[in-house]
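Remarks on the structure that follows.
Taken together, the values in this text are just the output of simple stated rules run on the coordinates, not laboratory data. Model, not experiment: these values are computed from the prediction. Cβ placement follows ideal geometry from the backbone for every residue including glycine, while neighbour counts extend to all protein chains displayed.
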Amino acid sequence: MFEEISQGSSMPIKCRRCKAENAEVYLSHLNLNLCPECFMLLTERRVKHTIDAYKMLAKNDRVGIAVSGGKDSSTLAYILNSLFDKIDMVLIYIDLGVPDYSKHCLERVEALAEMLDKELIVYSLEGEMGFKIGDFKQTVYGRKICSACGTIKRYLLNKIAYDLGLTKIATGHNLDDTLEALFNFYLEGNVEAMLRLKPYLPRTHPKFVPKIKPLIGLTDFECLLYAGYRKLPTRTVECQFSRGSRMQRRKELLNMIAEKIPNFKHSFINSHFKRILPNLEASLGSREIKIYECPTCGMPTSLEGMPCHFCKLTKTLRPQLTQRSL
Ligand code: SF4
Ligand code: ZN
């Protein structure tokens, strides 16, 4: 993980930007040695550049920042708060009810909200919906619990933001997350999912709140360093379901490629968003994804005449929920 920190040499390397302080960070994709202060400034500047390039934010936006207690969402909240202090922002935390982990994360996001002086909205899955994410263990989704969790979080974030009248949802998805997801879509040939994966997903339905990913240009490593240097409150335990997940294995594989080809991650993402995606959109424009309303909950879905993915998932829990209420 720390291979990007400048290798120890007898003479300290000076920061390429300020030329005064000793460098502590080496960013291989930029071939830059930086001191902590210049690294943080450059990181913030790169996030601002992404936001401007994709026109992610406007003056009158009301933004919900999805926070999880992790390094990425804490970095996101801190940078957005310092770059756009005039924009109305609130932090949103979904308590998944994972033993120990969720309580620990809640403490971290509470500390973050206090540090940033921002309102924190906490949505408890168990309190509001009557189930915990671990309940999926006993269902057909038992082996794909992270994918079920992703669907639940996406749906609830959108619903919470919609009910609050927010105009944007910002998530901490970074370069590694995006690359991992894209890599999987390429393997599956899942073109529709590729069309939906964008740095800025605009409104496609009145009940769909636009989503932005301002950290899409930063790696896991850069977010980890930034959160560390800024001393942001971040979790120190992992979710019990993350161990050995397919997502983690794919990230490890992509990191191995990046060790051999330093610019691999950025080249992949850039060629996808700048060359492949526009071509896909141009050739598949007529097959634009239609959005319907779920007959069960009324929220937007790509499934015509069928319950949305969230309603399908929660239906699988019904036998357990009924048993519990007996
Ligand atoms: Fe959800 Fe999986 Fe992350 Fe745990 S590791 S919070 S189950 S996505
Ligand atoms: Zn539904």
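Details
- Length-normalised contact order for the chain - Cα pairs under 8 Å, 6+ apart - percent: 18 percent
- Remark: the chain carries a charge dipole of roughly 680 debye about the Cα centre, counting +1 on each Lys and Arg Cβ and -1 on each Asp and Glu Cβ.
- Kirkwood hydrodynamic radius of segment 43-286, from inverse mean 1/r over distinct Cα pairs, in Å: 18.8 Å
- Per-residue [θ]222 nm for the chain (sum of -39500 (n - 2.57) over DSSP H runs n ≥ 4, rounded to 500): -14000 deg cm²/dmol
- Between segment 136-156 and segment 159-212, the Cα center-to-center distance that results, in Å: 17 Å
- Its Kirkwood hydrodynamic radius, worked out from the mean inverse distance over all distinct Cα pairs, puts segment 1-126 at 16.8 Å.
- Simple spin-label estimate for residue 296 and residue 138 in nanometres, 7 Å along Cα-Cβ: 1.8 nm
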